[in-house]
Amino acid sequence: MKDEVDTHAFIEKWRKEKQFLLPVVKGETLELRIYTGPEQLKTGAFGIHEPEGPLFENYETIDLAIIPGIAFNRSGCRLGRGKGYYDRLLPLISGTKIGVCFSFQLTEDIPTEPCDIVMDEVICDRNPFNETQYL
C-alpha cells in the first residue's frame, strides 16, 4: 500500500538466502505463502501484490515478522486498518515482531485493547522522539 514502507527491494536482496513469507487475504484472514520471486505475484485484495507460492502453516518456526501499520507508539503498540487481519495472525507467531513505518506514523496516542500484540521493536526512517536510537 502506498502509505506503507516498501519492503520489496529488501526482500529481493535477501530472497536467495532467506525464506520470505508474504500475506494473502483470504476472506477474513491472512494466510502466509512462500515467496519464490516477483514473477509469481498477482494483484489480490486491496490492489496488493500477493504471492501464489506454496501455503505456509508452520507458524511456530517463524523467527522474524516484519509488520506494517497505520501508526505505532514508542511502546510498540500498533494501529492497523480496522479489519483485524493482523490481530488474528500475530498471536500465531512467537518469533520477534518488528513494526515498520515512516516517522510521521509514530505517535504517542494509539488506542489499544488487552488482546493487542505489541511489537518487539519499531523501525522507521528517522527518530522523531529525539532519542539517541530509533525506536
Out of all the residues in the stretch 6-22, is one or more crowded, with 17+ Cβ neighbours inside 10 Å and not in a loop (DSSP other than H, G, I, E, B)?
yes
When Arg81 is run through (1) in a loop (DSSP other than H, G, I, E, B); (2) in contact (Cβ under 8 Å) with a residue 24 or more places away in the chain, the failure sits at (2)
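If I ask for residues that are more than 20 Å from Val25 (Cα to Cα), surrounded by fewer than 18 Cβ atoms within 10 Å (Cβ to Cβ) and modelled with pLDDT of 90 or more, which ones from the stretch 78-110 would you list?
Filtering the stretch 78-110 down to residues more than 20 Å from Val25 (Cα to Cα) leaves 94-96, 98, 101-110.
Retained after the next criterion (residues that are surrounded by fewer than 18 Cβ atoms within 10 Å (Cβ to Cβ)): 94-96, 98, 102-104, 107-109.
Ser94, Gly95, Thr96, Ile98, Phe102, Ser103, Phe104, Thr107, listed by residue number.
Restricting attention to the stretch 26-54, and to residues there that are part of a strand (DSSP E or B) and either polar (S, T, N, Q) or open to solvent by 80 Å² or more (accessible area, probe 1.4 Å) (or both), which single residue is nearest to Ser103 (Cα to Cα)? Steps first, please.
Going through the stretch 26-54, the residues part of a strand (DSSP E or B) turn out to be 26, 29-34, 41-43, 49-51.
Next, only the ones that are either polar (S, T, N, Q) or open to solvent by 80 Å² or more (accessible area, probe 1.4 Å) (or both) stay: 26, 29, 42-43, 49.
Working: Lys26: 30, Thr29: 28, Lys42: 30, Thr43: 28, His49: 24 Å.
So, considering only residues that are part of a strand (DSSP E or B) and either polar (S, T, N, Q) or open to solvent by 80 Å² or more (accessible area, probe 1.4 Å) (or both), the one nearest to Ser103 (Cα to Cα) is His49.
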Taking Ile70 as the residue in question, decide whether it is without any contact (Cβ under 8 Å) to a residue 24 or more places away in the chain, touching a Gly at 6+ places or on another chain (Cβ under 7 Å) and either open to solvent by less than 40 Å² (accessible area, probe 1.4 Å) or over 25 Å from Lys13 (Cβ atoms) (or both).
no
Quick check on my filter: what residues within the stretch 31-68 are under 21 Å from Glu121 (Cβ atoms) and of a type in the set (A, V, I, L, M)?
Leu32, Ile62, Leu64, Ala65, Ile66, Ile67
Restricting attention to the stretch 95-112, report how many residues are closer than 19 Å to Val5 by Cα and small (Gly, Ala, Ser).
2
Please enumerate the residues belonging to the stretch 28-48 that are under 14 Å from His8 (Cβ atoms) and in contact with a Leu (Cβ under 7 Å, 6 or more places away or on another chain).
Tyr35
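The values are calculated or read from the model by the stated rules, or taken from the named source; none is laboratory data. Keep in mind it's a predicted model, so treat the numbers as computed, not measured. Note: ideal-geometry Cβ built from the backbone for every residue, glycine included; neighbour counts use all protein chains shown. Heavy atoms of the whole protein, side chains included, go into the accessibility calculation; ligands, DNA and RNA do not. Shrake-Rupley method; radii C 1.70, N 1.55, O 1.52, S 1.80 Å.
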